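What follows is a single structure, written as structure tokens, with notes after it.
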Amino acid sequence: MWAIIIWSLYLASYVTFALTAVAAVIIAYIKRSDLSGTPFESHATSAIRTFWISLIGGLIGLLTSFVGIGIVILIVLAIWNLFRVIRGLVRALDGKPIDDPTGWL
């Protein structure tokens, strides 16, 4: 159930300007040990990784947006993030782990 909540909060972050993503990553850190040994352990790892890569990529995109490349970075980052969130939510609803939680896709 926690994996579904985490991914749902990430999905909600698209309309809450990332506020619920912060809640999601906090829950993922707290619940990671409880999920250890279950198919949902990989969801916590993937959610945490998604948050940090999105944060760093977003900062790079914002800092370089004045030259134009930052806009491209932010668009690609949003698509990548949405893909990971939807994939994570679908796999959590199916009760399946994330195949490669430390991978890029």
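Can you tell me which residues in region 25-68 are among the β-branched types (Val, Ile, Thr) and either in contact with a Pro (Cβ under 8 Å, 6 or more places away or on another chain) or at pLDDT 95 or above (or both)? 25, 26, 27, 30, 45, 48, 50, 53, 56, 60, 64, listed by residue number. The set of residues from region 1-26 being buried (at least 16 other Cβ atoms within 10 Å of the Cβ), without any contact (Cβ under 8 Å) to a residue 40 or more places away in the chain and hydroxyl-bearing (Ser, Thr, Tyr) comprises 13, 20. Of all residues in region 27-44, those satisfying the criterion of being surrounded by 17 or more Cβ atoms within 10 Å (Cβ to Cβ) and touching a residue at least 40 places away in the same chain (Cβ under 8 Å) are 40, 41, 42, 43, 44.
If you go through region 12-43 and keep only what is outside any loop (DSSP other than H, G, I, E, B), touching a helix residue (DSSP H, G or I) at 6+ places or on another chain (Cβ under 6 Å) and more than 14 Å from residue 93 (Cα to Cα), you end up with 12, 20, 21, 23, 24, 25, 27, 28, 31.
Just to verify a result, which residue in region 90-105, among those that are within 11 Å of residue 40 (Cα to Cα) and hydrophobic (A, V, I, L, M, F, W, C), is surrounded by the most Cβ atoms within 10 Å (Cβ to Cβ)? Looking at the filtered set, the residue picked out is 92. Could we say that residue 82 is touching a residue at least 60 places away in the same chain (Cβ under 8 Å), within 11 Å of the chain's Cα centre (by Cα), under 13 Å from residue 10 (Cα atoms) and loosely packed, with under 14 Cβ neighbours inside 10 Å here? It is true that residue 82 is touching a residue at least 60 places away in the same chain (Cβ under 8 Å), within 11 Å of the chain's Cα centre (by Cα), under 13 Å from residue 10 (Cα atoms) and loosely packed, with under 14 Cβ neighbours inside 10 Å.
The values are calculated or read from the model by the stated rules, or taken from the named source; none is laboratory data. Model, not experiment: these values are computed from the prediction. Cβ sites come from the backbone with ideal geometry, for glycine too, and all protein chains shown count toward neighbours.
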